[in-house]
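Read-outs throughout are calculated quantities, based only on the coordinates presented, and are distinct from any laboratory measurement. Bear in mind that the values here come from a model prediction, so they are computed numbers and not experimental data. Cβ atoms come from the backbone with ideal geometry, glycine included; neighbour counts cover every protein chain shown.
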Amino acid sequence: MAHGCACSRPSSPLCSSARAHGGFTKVRAGRGSFRPVRARSTSSSWLQYVGADLIRPDRQRFAELLDECGALGVRVPAEGGLEGRYTNWMRGRNFRVVNLNARGLGDLEAYLTQVHGVRMPHLGKQKIRRYYEEGILTRALDSLQDEARGVVIWIQDGKILSRAELRYLALLPTIETRCRVVVELGMGRNFEFMPLDEAMQD
């Protein structure tokens, strides 16, 4: 596998564009095209002082880059809400979006793709029991309708995940081709995204 992006086609122009600029793809306001810039840029552009709710989300490029690379790392504004526009856009493209929080996950491979144990809180009034269920991704794929294109695993608080766990999530779309992964790696002034394996190196 080529180093850099975990795409099925490493020479993809979208992923190559993100690599060439060495940073997150930043959403610009207003009409027209935009250019990728470094996530740590200290430019004095007036866009730094515009609230995220006034920035035009570049959902089409987000969806295309997600299709090409399979796994993206994103930074979201602290006030929240903007990422919902992207999840709704993916639902409109016949993807099922599964929202997870990294703090509630155990072993990623087991919780997503294998049968694993779940122990419910007994609250001091019930017996301690353990139940077993299929992986979250496996259940979502099995319940897809015929016209659905796949499943998008959207993981919040991904900043607490280890590098090995992030590397597994970057490789997951190559193992299950109907799966896409989006990991929130922190906060940003705007909604920013780039291939997950490159985000780990930033």
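Structure values in brief
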{"read-out": "For segment 85-136, diffusion coefficient by Stokes-Einstein and Kirkwood Rh (Cα), 4 °C, 1.567 mPa s, µm²/s", "value": "96"}
{"read-out": "Residues with amide H under 5 Å from that of GLY188, placed H, sequence gap 5 or more", "value": "VAL76, ALA78"}
{"read-out": "Charge dipole (debye, nearest 20) of segment 92-195; +1 at Cβ of Lys and Arg, -1 at Cβ of Asp and Glu", "value": "400"}
{"read-out": "Whole-Hz ³J(HN,Hα) from phi, Karplus 6.51 cos²θ - 1.76 cosθ + 1.60, for segment 118-135, glycine and proline x", "value": "10, 10, 6, x, 8, 6, x, 10, 10, 6, 6, 10, 10, 10, 10, 9, 6, x"}
{"read-out": "3J(HN,Hα) from dihedral phi, segment 109-114, Karplus parametrisation 6.51/-1.76/1.60, rounded to Hz, x for glycine, proline", "value": "4, 5, 5, 8, 10, 10"}
{"read-out": "Note, ³J(HN,Hα) from phi for segment 186-201, Karplus 6.51, -1.76, 1.60, rounded to Hz, x at Gly and Pro", "value": "x, 9, x, 5, 10, 7, 10, 8, 6, x, 5, 5, 7, 5, 5, 8"}
{"read-out": "Stokes-Einstein D for segment 138-202, Kirkwood Rh over Cα pairs, 4 °C, 1.567 mPa s (µm²/s)", "value": "99"}
